[in-house]
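Novice: One structure follows; several queries about it will come next.
The values are calculated or read from the model by the stated rules, or taken from the named source; none is laboratory data. Bear in mind that the values here come from a model prediction, so they are computed numbers and not experimental data. For accessibility, only protein heavy atoms count, side chains too; no ligands or nucleic acids. Shrake-Rupley method; radii C 1.70, N 1.55, O 1.52, S 1.80 Å.
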Amino acid sequence: MAEVQEFENVESGASLTYPAAAGSIRKGAHIVIKGRPCKVLEMTTSKTGKHGHAKCHFTAVDIFTGKKCEMLESSTHNCDVPNVNRKEYTLLDISDDGFVSLMEESGDTKDDLSLPGGTDDLDKLAEDLKTAFDDGKDLCITVLGAMNQEMIIAMREQK
């Protein structure tokens, strides 16, 4: 009798990354360097050498931590490109421990994000968020997500 295999699927089926040829990735695009999603600041291509392929040199910055990363890859090889998405939420509350309560368009609440921090710009954004919320303004929050990580990156006042 044949053995029946059962598969359990817990994800939506969307991959965290997709492959792209290193030579096709340009400035402003996203790339995975050392397992981290990064935004390409500069990309230079060296000429084909006597014994090899053209090389692409990427200088990028981690989209969550702001750390600078570099990578050298053959232009014909595939690199991982993260699936990066942006979503907007309505700010409902900011707790004392720094976590925010957000509402999706569907009406569901999202309570697993904390105020941004780590760089000067993100610390300023967190302070601006608190100040605007304390002033009673209705705020729309932009959340950047990639590779199972999310972070608040912007805010604007709702009209």
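Novice: Please give the solvent-accessible surface of M71 in Å², to the nearest 10, using a probe radius of 1.4 Å with every protein chain present.
Specialist: 40 Å²
Novice: Report, by chain and number, residues whose modeled amide H sits under 5 Å from the one on N83, excluding near sequence neighbours (fewer than 5 apart, same chain).
Specialist: Result for N83 returns T17, Y18, M147.
Novice: Next up: Carbon and sulfur: what percent of the chain's accessible surface (1.4 Å probe)?
Specialist: 47 percent
Novice: May I ask you to derive the relative contact order of the chain, considering only C-alpha pairs under 8 Å and at least 6 residues apart, and to give it as an integer percent?
Specialist: 18 percent
Novice: Considering the chain as a Gaussian network with a 10 Å cut-off on Cα pairs, which listed residue, G118, G52, G145, attains the greatest mean-square fluctuation?
Specialist: Among G118, G52, G145, the largest GNM mean-square fluctuation belongs to G52.
Novice: Just P82, P19, P37 to compare: in a GNM of the chain, with alpha carbon springs under 10 Å, which one fluctuates most?
Specialist: The residue with the greatest mean-square fluctuation here is P19.
Novice: Need one value: the accessible area of L16 in square angstrom, 1.4 angstrom probe, rounded to the nearest 10.
Specialist: 70 Å²
Novice: In addition: How tilted is helix 120-134 with respect to the longest principal axis of the chain? Cα atoms for both, answer in degrees (0 to 90, nearest 10).
Specialist: 30 degrees
Novice: Hey, another quick one. At 1.4 Å probe size, with every protein chain present, just tell me what the per residue accessible area of the chain comes to in Å².
Specialist: Counting only protein heavy atoms, the per-residue value for the chain is 67 Å².
Novice: Where the convex hull is taken over the Cα atoms of the chain, what is its projected area averaged over directions, in nm²?
Specialist: 15.3 nm²
Novice: Taking amide hydrogens as modeled 1.01 Å from N in the peptide plane, which residues meet the under 5 Å criterion relative to I33, leaving out close sequence neighbours?
Specialist: Residues meeting the amide H criterion: C38.
Novice: Between segment 15-77 and segment 78-102, what is the C-alpha centre distance in whole Å?
Specialist: Centre-to-centre distance over Cα atoms comes out at 25 Å.
Novice: With springs connecting C-alpha atoms under 10 Å apart, model the chain as a Gaussian network and identify which of H51, H77, H30 has the largest mean-square fluctuation.
Specialist: Its mean-square fluctuation being the largest, the pick is H51.
Novice: Shifting gears a bit: Expressed in nm², what is the orientationally averaged projection area of the convex hull enclosing the Cα positions of segment 11-80?
Specialist: Mean orientational projected area (segment 11-80, Cα hull): 5.2 nm².
Novice: What value, in deg cm²/dmol to 500, does the helix sum -39500 (n - 2.57) over DSSP H runs of n ≥ 4 give at 222 nm once divided by the residues of the chain?
Specialist: -3000 deg cm²/dmol
Novice: Also, quick follow-up: Any idea what log10 I(q)/I(0) is at q = 0.25 Å⁻¹ for segment 75-159, Debye with uniform C-alpha scatterers and no solvent?
Specialist: Each listed q corresponds, in turn, to -1.38.
Novice: Can you list the residues, at least 5 places off or on another chain, whose amide H is less than 5 Å from the amide H of A154, using H built in the peptide plane?
Specialist: T142
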